[in-house]
Structures are given as structure tokens and as C-alpha cells.
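> Structure incoming, see below.
The values are calculated or read from the model by the stated rules, or taken from the named source; none is laboratory data. This is a predicted model, so every value here is computed, not measured. Every residue, glycine as well, gets a Cβ built from its backbone with ideal geometry; the counts of neighbours run over all protein chains shown. Accessible surface is based on the protein model in full, side chains and every heavy atom, while ligands, DNA and RNA are left aside. Shrake-Rupley method; radii C 1.70, N 1.55, O 1.52, S 1.80 Å.
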Amino acid sequence: MNCGGIGINYGLLGDNLPPPDQVITLLNPGLNVLNALQNSGIQVIIGTFNQDIATLAGDINFAKGWVQTNIIPYTQTITFRCISIGNEVIPGNMNSLVFPAMQNMNAALQFFNLGRIPVSTAVGIYALASSSPPSTGDFSSDVKPAIQQITGFLSNNSFPLLITAYPYFTYIYEPSSIQLPYVLFTSPDVVVRDGSLGYKNMFDAMVDAVYSALEKISAGDVEVVICESGWPWQGNDVADKHATRCVAKQRAQDAWDLKRKV
């Protein structure tokens, strides 16, 4: 698998969060997240609030206002990789609203001559009814009509589909049937065999399952961008033990590097 780049997901839902100018200390500090990202050279995926999707779907003027507030002031200083209409609202009761919201956002961008900025939405990997082995990947029947509309739009515009994929969540629900090295990228051997392909880690398998699902709805040309993934630092035994092991491994590596330099 070729990786086009690795980034970070900076979420704002939580407690005890430091302000952006403390989080992004290596960039250009500012009053908010976008100000802090100006002139950083980092490509940014910015999302709308889930609660705004219904309004975006029915009111293009709202979409224009959103672009005027969140995009236009930063077009000279930030490279916007994509605009995501909501986050993981598919599957859900807003399935049918995402596509018209994407259309209005795209029309608003074009109105301001910013049609080069892709518009997409972030879909959870759990929108797949099947994913293992990857070649069986298929979207669930309740989301497939919405996904077909969305991917048709994405394909016509050469925009990517955003996917959130967390091997961690799959593992914690089935720890007895999944090998931990398979989800931690540490397995030396193939764990899942799918025809001529072999998978040593679940992340790669998840991505290929999405591509298989896209092919089944005639959208195999749509690029998949993983916009969220990761492993928690703490919160349960699995996270805590892995975090401790990672710290110990890194400290041992740092000590060895220092020894070699001395």
C-alpha cells in the first residue's frame, strides 16, 4: 500500500483541552485553530458541525455564509485538503441529508471561485456490513443508497471519500479472536489471507475492504482518505498496557541510540 501522507486529527470534543495556541506551539500561534495553522504548510481537512447538516442541505445561503466565515479569510495562508460535511453521521438518521449538503457546499465554493477545494464526508468503517476478508467488503443495505449518491458525486468531481478506521475498536470487542500484533502493526507474519493477498495488519485490511465495497457500487475510482485512526493512550487495560509497553520500548531505543552516539 502506498501512503500519500500522514497527519493528525485535532478534535475539540472533550474536557481539559488546552487552547490552540498551546497545542500548536510549533506553528504560528493565534486565537483559534485556523489562525494557528496559517502559513504552516500543513494541508487541512475542515469539517462542518453535524447539527448544521440539515441547514446546509436546505439553504445554499447558509453554505455561502459558512464558506465566507471559515474558508475565504484563510485561502491565502492555508491549503485546504478537503471540507467534510459532518463526521460519522452515516449510518444514521441524516443519511439522506449529507448528499444535498455536499452539493450546496460545492456550489457555494464555486460561487466564490473556490471549486478546487474538494467536498466530502467522513464515514465510519462500521458502515460496512462485511469487511473480512477484505474482498468481501460491502456497505450495509441501510447506507448503500446514500453512499451511492455520494460516491457518484465524488467520482464525477475527482473528490476523495473520507473514512474513519480504528483497529482498536474492533480489537476491544473481540480480543479473544484477534491477535494483538495484527492490530498494532507488529505481526511478522501474514495473519489474514485473501486470495493472492496477505495482510499483516488490520489497518491495511480495513482500507482494502472499503475499496472492495466501493467497487461493488461501481465507485472503484474514488480515492479513499483515512481521516481518523489511532490508539488511545489510556482509559482501559488494553490501552494502558500498550501505552506502557510503547513508552518502555521507546526509552530503551533512546538509551541505545545514546549509547551508540557516546
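> Of (1) open to solvent by 40 Å² or more (accessible area, probe 1.4 Å); (2) out of contact with any strand residue (DSSP E or B) (no Cβ under 8 Å at 6 or more places or on another chain), Ala146 satisfies all except one. Which?
If we test Ala146 against (1) open to solvent by 40 Å² or more (accessible area, probe 1.4 Å); (2) out of contact with any strand residue (DSSP E or B) (no Cβ under 8 Å at 6 or more places or on another chain), just (1) comes out false.
> Shifting gears a bit: Could you grab me the full set of residues in segment 103-118 that are open to solvent by 20 Å² or more (accessible area, probe 1.4 Å) and farther than 16 Å from Ile53 by Cα?
Gln110, Phe111, Phe112, Asn113, Gly115, Arg116
> While we're looking at this one, here's another question. Only one residue in Val67, Val44 is in a strand (DSSP E or B) and closer than 19 Å to Leu114 by Cα. Which one?
Just a single option satisfies the conditions, and that option is Val44.
> Sort out which residues of segment 109-135 are in a loop (DSSP other than H, G, I, E, B), closer than 16 Å to Ala165 by Cα and among the small types (Gly, Ala, Ser), and write them in order of number.
Ser131, Ser132, listed by residue number.
> So is Met94 among the aliphatic types (A, V, I, L, M), at pLDDT below 95 and open to solvent by less than 60 Å² (accessible area, probe 1.4 Å) or not? Quick ask: steps written out before the conclusion?
Numbers: among the aliphatic types (A, V, I, L, M): yes; at pLDDT below 95: yes; open to solvent by less than 60 Å² (accessible area, probe 1.4 Å): yes.
Here the answer is yes, as Met94 does meet what is asked.
> Identify, please: which residue in segment 151-178 is β-branched (Val, Ile, Thr) and within 21 Å of Ser212 (Cα to Cα) and is, among those, most open to solvent (accessible area, probe 1.4 Å)? Steps first, please.
Going residue by residue through segment 151-178, those that are β-branched (Val, Ile, Thr) are 151, 163-164, 170, 172, 178.
Subsequent filtering for residues that are within 21 Å of Ser212 (Cα to Cα) retains 151, 163-164, 170.
Values: Thr151: 3, Ile163: 3, Thr164: 3, Thr170: 43 Å².
Across segment 151-178, the extreme among qualifying residues is Thr170.
> Just a yes or no: is a residue in segment 213-225 within 23 Å of Phe139 (Cα to Cα) and touching an Asp or Glu at 6+ places or on another chain (Cβ under 7 Å)?
Scanning segment 213-225, I find at least one residue that is within 23 Å of Phe139 (Cα to Cα) and touching an Asp or Glu at 6+ places or on another chain (Cβ under 7 Å), so the answer is yes.
> Cβ contacts < 6 Å: first residue under 21 Å from Arg81 (Cβ atoms) and open to solvent by less than 30 Å² (accessible area, probe 1.4 Å), restricted to segment 46-68; second residue among the polar types (S, T, N, Q) and outside any loop (DSSP other than H, G, I, E, B), any location; separation 6+ or different chain. Result?
Cβ pairs passing all conditions: Leu56/Asn104; Ala63/Asn104.
> Across segment 72-91, which residue is most open to solvent (accessible area, probe 1.4 Å) among those that are in a loop (DSSP other than H, G, I, E, B) and more than 13 Å from Ile163 (Cα to Cα)?
Gln76
> Need a quick list: strands (runs of 3 or more DSSP E) entirely within segment 160-232 having at least 3 residues that are more than 16 Å from the chain's Cα centre (by Cα).
Filter on segment 160-232 gives 192-194, 197-199.
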